[in-house]
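Asker: Okay, handing you the structure first.
The values are calculated or read from the model by the stated rules, or taken from the named source; none is laboratory data. The structure displayed is predicted, hence computed values, not measured ones. In this analysis, Cβ positions are derived from the backbone assuming ideal geometry, glycine residues included, and neighbour counts consider all displayed protein chains. For accessibility, only protein heavy atoms count, side chains too; no ligands or nucleic acids. Shrake-Rupley method; radii C 1.70, N 1.55, O 1.52, S 1.80 Å.
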Amino acid sequence: MDVKSVFLNGYINELVYVDQPLGFEDPRKPNHVYRLNKALYGLKLAPRAWYERLRDFLIMQGFKIGKVDMTLFTKDINGDLFICQIYVDDIIFSCTNEKLSHEFGYMMSREFKMAMIGKLNFFLGFQIKQVKGEIFIHKEKHCRDLLKKFKMGDCKPISTPMSTNEHLDIDVDGKPVDQSTYRSMIGLPLYLTASRPDIMFIVCLCARFQAAPKESQPYGHEKDTLHTPSIGLWYPEGAKLELLGYSDSDFAGYRVDRKISWSSKKQNCVVLSTAEAEYIAAGACCAQIIYMKQSLLDFGVVCGSVPLLCDNESGAKIAKNPVQHSRTKHIDIHHHFLRDHEAKADITITGVRSEEQLADIFTKPLGEETFCRLRSELNMLDWSNF
C-alpha cells in the first residue's frame with residue numbers, strides 16, 4: 001500500500017516557525033511568521049514526524065518494533081505471524097493468514113488515506129514474481145536498462161565474470177577510459193548485487209580502478225557481468241531455514257597493493273600469514289552472523305550455535321585458542337571478539353573443504369563449473385525457466 005500525502009500526517013512536538021508563503025501573505029501582519037501544528041513537505045522534521053505517527057498507531061494495534069530494524073513491525077495473532085515493513089510512504093505487509101492481511105488494509109485505510117497496490121510485483125527496482133509455492137526476486141528490467149544505456153546490447157555473454165588465470169595490474173601506459181562513464185557503469189550495477197550476489201566480486205573489483213580506469217583493466221568485465229539479466233534469487237515454499245556462515249579471504253591475491261580481501265572488498269590490515277587473514281575474515285563474518293541472529297528474533301526464529309565454516313584449519317584454531325603468542329600479538333584487540341562468541345556458543349568454528357567453500361564466489365575468480373555450482377548453492381536461478 002502507498003500512503004497519500006504522507007508527510008502531512010505527521011504531528012510536530014517541537015516549536016517550528018515558517019515564513020508566510022508567497023502569494024498568501026497577510027496584509028495586516030506582513031512581517032509575522034506561522035507556527036506549524038503539523039508537518040509539511042520540505043520540512044526536515046517531516047520524515048521523523050510521519051514515522052512517529054505511524055509507529056504510535058501500530059503499537060496501539062498490538063504490533064512490536066523490530067530490535068534491529070526499527071522500520072519492521074510484527075504481530076503474533078493466534079499463532080499467525082503478521083509482518084509489516086515501512087519504507088517512507090510505502091508499506092509492505094504479509095501474513096500467514098490472508099484474511100488478516102485484508103483486515104490490516106481496512107484498518108490502515110480508516111486511519112490514513114491509502115492507495116492499495118495489491119500483490120507485490122515491483123519495489124525499489126526489484127521485480128518480484130510470485131507463483132504458487134515460489135517467490136522469485138530479480139532485477140531484469142534494471143539490468144536491461146543498463147545494457148541499453150551503455151549501448152552494450154550486442155556484447156556476447158560469458159559463463160563467468162572473470163577468468164581464473166587473469167590478474168589485474170596497474171597499467172600506466174594503457175588507453176584511458178572516460179572516468180564519468182566508468183564510474184556510472186560501476187555505481188549502477190552495485191544496485192544489482194542485492195539480488196545478484198554472484199557478481200559482487202567482479203563489481204567490487206572494477207570499483208578499485210575508478211581513479212584511472214584503462215581499457216586493459218576490468219572495463220570489459222563490467223560489460224560481461226550484465227549479460228545475465230534474468231538470474232535472481234529463488235525462495236521455494238517449505239524450504240528449511242538454517243543459518244550458516246561461510247568465511248574466506250584471498251591473502252595477497254590482489255597484485256596491485258597486496259591487501260587482503262574479504263566481504264568482496266579490500267581491508268587495510270597487517271597480517272603475516274594466510275591463517276591470520278582467515279582469522280580476521282572470520283571475525284568480520286561473526287559480526288554479520290550475530291546481526292542476523294538478532295534480526296531473525298524479530299520474526300520469531302531462534303538460532304542456537306551457528307556454524308561458521310572456514311577452509312583454513314590454522315585460522316580456525318587461532319579462534320579457539322585463548323593463548324596470545326608471537327604470531328597473533330600484533331592483531332588488533334577488536335578482532336579477538338571472535339573467541340568470545342566461540343566461547344559463548346553463539347557460533348561454532350567448523351572446518352570445510354576448499355571445494356565446498358561457498359564464500360569463494362565472493363573473493364576470487366572461479367572456473368565455469370565451480371562458479372555455476374556455487375551460484376546454484378546461493379539459490380540463484382534463471383527466472384525465465386519458471
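Asker: Can you give me the % of accessible surface on segment 105-160 that is carbon or sulfur? Probe 1.4 Å, all protein chains present, nothing else counted. Before the final figure, lay out each step's value.
Answerer: On the way: 2140 of 3840 Å².
Carbon-and-sulfur percentage of accessible area, whole number: 56.
Asker: Please compute the per residue accessible area over segment 41-106 with all protein chains in place, 1.4 Å probe, rounded to a whole number of Å².
Answerer: Numbers: 3920 Å² over 66 residues.
For segment 41-106, the per-residue accessible area is 59 Å².
Asker: Right, here's the next one. Using a 1.4 Å probe on the protein heavy atoms only, what accessible surface does H102 show? Give it in Å² to the nearest 10.
Answerer: In the full protein context, H102 sits at about 100 Å².
Asker: Note down the nm distance, to one decimal, between modelled labels 7 Å out along Cα→Cβ at I290 and at Q61.
Answerer: Each label point is offset 7 Å from its Cα along the Cβ direction, giving 3.5 nm.
Asker: Given points 7 Å out from each Cα along the Cα-Cβ axis, report the A194 to T181 separation in nanometres with one decimal.
Answerer: 2.8 nm
Asker: Quick one: accessible surface of F57, probe radius 1.4 Å, all protein chains present, in square angstrom to the nearest 10.
Answerer: My reading of the accessible area for F57 is about 20 Å².
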